[in-house]
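The values are calculated or read from the model by the stated rules, or taken from the named source; none is laboratory data. Here the structure is a predicted model, which means the values were calculated and not measured. Glycine gets a Cβ as well: all are built from the backbone with ideal geometry, and neighbour counts include every protein chain shown.
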Amino acid sequence: MKEKNKGFMLEIVVTVILLVFYNIAVFLLFKQKGEAFWSAYIFTTLAILAQAIVPVITFHRSIELKDVFLGLPVLQLSVLYLVLQAVISILIMLIRVFPLAWAIVVQLALLVVYMIMIISALLVRECVDKVDRTKAQKTVFIKMLRADVEILTEKAKEPEIRKALKHLSDQVRYADPVSNDALRPIEEQIAHQLQMLRDMLESGQNTESIKAAVDSVEALVNERAIRCRLLK
């Protein structure tokens, strides 16, 4: 978070410096101004401000400046827009008879293209985040099951029980990590059976009963694996 804050503040500082430099340079170099001068000045100012606006947007959303649109990072898109706008504005300011209408249309078109790219990058990132969240939710069961079995293995004191639990742990480790609604009943059975196994270990029941409970969990895990293959 601190690194993100530093990057965010750096973008703001650079934008302010560019804005000050631009204003000084423009009003020192262009004493005589054509009718399209102010349109070039306004659009270039917007392009400079965009260098700060984009980090502000990305700071409050999941998108990163390194995220891409058509292979170009968002930060690079912003800089590219600024460079193109600066070149166009210089030409407009130099050609004092440049038609105002054409100046506005050309610069507005460039701004619209830039905005479409940034908005598209935001939308794409939201879609990617949604897919990632869904995928993470679908893999929670196996991750928790793996952790529970490993904890039970550490708690087991009898060598035979530890061996059985390690074998179960291997089965869970190589299980398909993705869950779905069709697997929910079997996963609920596994969770219930595992809770029974945990209770048996904590109450110190005999080795044969615990091994039988481990075998029951393993059988359910294998059944889940078969269902996963059939559902694909």
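Checked across the range 166-180, the condition of being more than 17 Å from Lys143 (Cβ to Cβ), in a helix (DSSP H, G or I), of a type in the set (A, V, I, L, M) and touching a helix residue (DSSP H, G or I) at 6+ places or on another chain (Cβ under 7 Å) holds for no residue. Applying the set (1) farther than 30 Å from Ser216 by Cα; (2) of a type outside the set (D, E, K, R); (3) at pLDDT 85 or above to His167 leaves exactly one unmet item: (1).
Sub-6 Å Cβ pairs linking a first residue in the range 102-114 that is farther than 15 Å from Ile48 by Cα to a second residue that is among the aliphatic types (A, V, I, L, M) and part of a helix (DSSP H, G or I), at least 6 apart or interchain, are Ala103/Ile92, ordered by first then second residue.
Listed by first and then second residue, the pairs with beta-carbon distance under 6 Å, at least 6 apart or on different chains, first residue in the range 154-169 and not assigned by TED's automatic domain parsing to the domain that holds Ala213, second of a type in the set (Val, Ile, Thr) and at pLDDT 90 or above, form an empty list. For the range 206-232, which residues satisfy the criterion of being more than 34 Å from the chain's Cα centre (by Cα) and either among the hydrophobic types (A, V, I, L, M, F, W, C) or not assigned by TED's automatic domain parsing to the domain that holds Lys163 (or both)? Within the range 206-232, Ile210, Ala212, Ala213, Val214, Val217, Ala219, Leu220 qualify.
Restricting attention to the range 33-55, does a residue exist that is of a type in the set (Phe, Trp, Tyr), part of a loop (DSSP other than H, G, I, E, B) and modelled with pLDDT of 85 or more? Working first, answer last.
Filtering the range 33-55 down to residues of a type in the set (Phe, Trp, Tyr) leaves 37-38, 41, 43.
Still in the running and part of a loop (DSSP other than H, G, I, E, B): none.
Within the range 33-55 (the criterion being of a type in the set (Phe, Trp, Tyr), part of a loop (DSSP other than H, G, I, E, B) and modelled with pLDDT of 85 or more), the answer is no, since none of the residues qualifies.
Applying the condition of being of a type in the set (Gly, Ala, Ser) and closer than 21 Å to Ala212 by Cβ to the range 145-174 and asking which residue is surrounded by the fewest Cβ atoms within 10 Å (Cβ to Cβ) yields Ser169.
When the range 121-160 is filtered for residues that are at pLDDT below 80, assigned to a helix (DSSP H, G or I) and among the polar types (S, T, N, Q), the ones remaining, listed by number, are Thr134, Gln137.
For the range 175-189, state whether one or more residues are loosely packed, with under 13 Cβ neighbours inside 10 Å, touching a Leu at 6+ places or on another chain (Cβ under 8 Å) and assigned by TED's automatic domain parsing to the domain that holds Glu160. Yes, some residue in the range 175-189 is loosely packed, with under 13 Cβ neighbours inside 10 Å, touching a Leu at 6+ places or on another chain (Cβ under 8 Å) and assigned by TED's automatic domain parsing to the domain that holds Glu160. Contact map, the range 198-210: first residue under 17 Å from Val149 (Cα atoms), second residue of a type in the set (S, T, N, Q) and surrounded by 13 or more Cβ atoms within 10 Å (Cβ to Cβ), Cβ cut-off under 8 Å, separation 6 or more or different chains; the map is empty. What residue, among those in the range 190-205 that are within 40 Å of the chain's Cα centre (by Cα) and among the polar types (S, T, N, Q), is surrounded by the most Cβ atoms within 10 Å (Cβ to Cβ)? Step by step, filter the range 190-205, then rank; the result is Gln193.
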